[in-house]
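Taking it in order: structure first as structure tokens, then the write-up.
The values are calculated or read from the model by the stated rules, or taken from the named source; none is laboratory data. Since the model is a prediction, treat every value here as computed from it, not as a measurement. Neighbour counts are summed over all protein chains in view; Cβ atoms, including those assigned to glycine, are modelled from backbone coordinates with ideal geometry. Note: areas computed on protein heavy atoms with side chains; ligands, DNA, RNA excluded. Shrake-Rupley method; radii C 1.70, N 1.55, O 1.52, S 1.80 Å.
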Amino acid sequence: MSTLAKSANIFWHECPVGKLERQKLLKQKGCVVWITGLSGAGKSTLACSVGRELHNRGNLAYILDGDNLRHGLNKDLGFKPEDRAENIRRVGEVAKLFAEAGLICIACLISPYRRDRDACRALLPDESFIEVFLNMPLEVCEQRDAKGLYKLAREGKIKARLDSGQVLADL
């Protein structure tokens with residue numbers, strides 16, 4: 001989180017083209033599809049498949065992939081709980097902007113803390129936030145382990161919860 005003092009002289013500027021007009025132009029309603037699950041569960045794969053299908057059907061969608069965002073917008077964040085919370089907050093704010101622009105925003109990232117996902121959900125009307133938990137067994141995620149995180153966790157090189165709970169945190 002920013003340590004800078006919040007300015008008191010910031011005001012929201014309304015523009016003449018609003019959400020409903022953008023939805024009418026695009027012939028679709030903007031929303032956020034939030035895909036969460038363990039590392040290796042297939043979140044990005046599912047997001048890309050859904051994005052391709054929406055494109056094929058003539059819908060405009062954009063994918064906010066957790067790893068991709070850590071190359072740019074969130075490259076200054078680590079994996080401590082407070083960094084994860086800020087990562088999710090930023091993604092939620094960007095996803096909200098995409099939804100308000102009339103796009104179908106597919107956010108796919110490890111977001112292990114319900115309070116962080118709930119904060120993102122609260123940014124949008126209820127019908128505009130769809131949460132998908134990709135409930136992949138831990139064993140399958142470990143087999144896929146493209147990043148080598150489970151191996152590192154098993155070796156004790158990174159701190160993680162590798163039990164029946166669905167959190168692979170503190171990476």
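Go through the stretch 101-117 and count every residue that is over 20 Å from D67 (Cβ atoms) and in contact with a helix residue (DSSP H, G or I) (Cβ under 7 Å, 6 or more places away or on another chain). Even if it seems obvious, please write down each step before you answer.
Let us first name the residues in the stretch 101-117 that are over 20 Å from D67 (Cβ atoms), namely 101-104, 114-115.
Those still in the list that are in contact with a helix residue (DSSP H, G or I) (Cβ under 7 Å, 6 or more places away or on another chain) too: 101-102, 104.
The qualifying residues number 3.
Considering only residues that are of a type outside the set (A, V, I, L, M, F, W, C), closer than 18 Å to G30 by Cα, more than 12 Å from the chain's Cα centre (by Cα) and assigned to a helix (DSSP H, G or I), which ones fall in the stretch 84-121?
Once the filter is applied, which keeps residues that are of a type outside the set (A, V, I, L, M, F, W, C), closer than 18 Å to G30 by Cα, more than 12 Å from the chain's Cα centre (by Cα) and assigned to a helix (DSSP H, G or I), the stretch 84-121 yields only E100.
Inside the stretch 1-39, can you point out the residues that are over 21 Å from C120 (Cα atoms) and in contact with a Leu (Cβ under 8 Å, 6 or more places away or on another chain)?
The answer is L26, Q28.
Out of the residues in the stretch 22-50 that are small (G, A, S), over 14 Å from the mean Cα position of the chain (by Cα) and more than 16 Å from P112 (Cα to Cα), which is surrounded by the fewest Cβ atoms within 10 Å (Cβ to Cβ)?
The extreme case among them is S49.
Just checking, does the stretch 84-93 include any residue being in contact with a strand residue (DSSP E or B) (Cβ under 9 Å, 6 or more places away or on another chain) and open to solvent by 10 Å² or more (accessible area, probe 1.4 Å)?
no
Among all residue pairs at least 6 apart or on different chains, which show Cβ distances below 6 Å where the first residue, located in the stretch 129-154, is of a type in the set (S, T, Y) and the second is open to solvent by less than 60 Å² (accessible area, probe 1.4 Å) and part of a helix (DSSP H, G or I)?
Correct list of pairs: Y150/E142.
Considering only residues that are in a loop (DSSP other than H, G, I, E, B) and out of contact with any Lys or Arg (no Cβ under 9 Å at 6 or more places or on another chain), look in the stretch 130-154 and name the one that is farthest from V50 (Cα to Cα). Talk me through it step by step, then tell me what you get.
Taking the stretch 130-154 and keeping what is in a loop (DSSP other than H, G, I, E, B), we get 134-137, 145-148.
So of that shortlist, the ones also out of contact with any Lys or Arg (no Cβ under 9 Å at 6 or more places or on another chain) come out as 135, 137, 146-148.
Numbers: N135: 17, P137: 21, A146: 21, K147: 23, G148: 26 Å.
Per the criteria, the residue is G148.
What are the residues in the stretch 65-83 that are part of a helix (DSSP H, G or I) and over 21 Å from G42 (Cβ atoms), if any?
As a first pass, look at the stretch 65-83 and keep what is part of a helix (DSSP H, G or I): 66-69, 81-83.
Of everything in the stretch 65-83, those that are part of a helix (DSSP H, G or I) and over 21 Å from G42 (Cβ atoms) turn out to be P81, E82, D83.
What is the number of the single condition among (1) over 24 Å from R144 (Cβ atoms); (2) free of Cβ contacts under 8 Å to residues at least 60 places away in the same chain; (3) loosely packed, with under 13 Cβ neighbours inside 10 Å that N59 does not meet?
(3)
Do we find a residue being in contact with a helix residue (DSSP H, G or I) (Cβ under 6 Å, 6 or more places away or on another chain), in a loop (DSSP other than H, G, I, E, B), modelled with pLDDT of 95 or more and charged (D, E, K, R) anywhere in the stretch 7-29? Steps first, answer last, please.
So the first thing to find is which residues in the stretch 7-29 are in contact with a helix residue (DSSP H, G or I) (Cβ under 6 Å, 6 or more places away or on another chain), and the list is 19, 29.
Retained after the next criterion (residues that are in a loop (DSSP other than H, G, I, E, B)): 29.
Narrowing the set further to residues that are modelled with pLDDT of 95 or more leaves 29.
From what's left, charged (D, E, K, R): 29.
Checked against the condition, which is being in contact with a helix residue (DSSP H, G or I) (Cβ under 6 Å, 6 or more places away or on another chain), in a loop (DSSP other than H, G, I, E, B), modelled with pLDDT of 95 or more and charged (D, E, K, R), the stretch 7-29 yields at least one hit.
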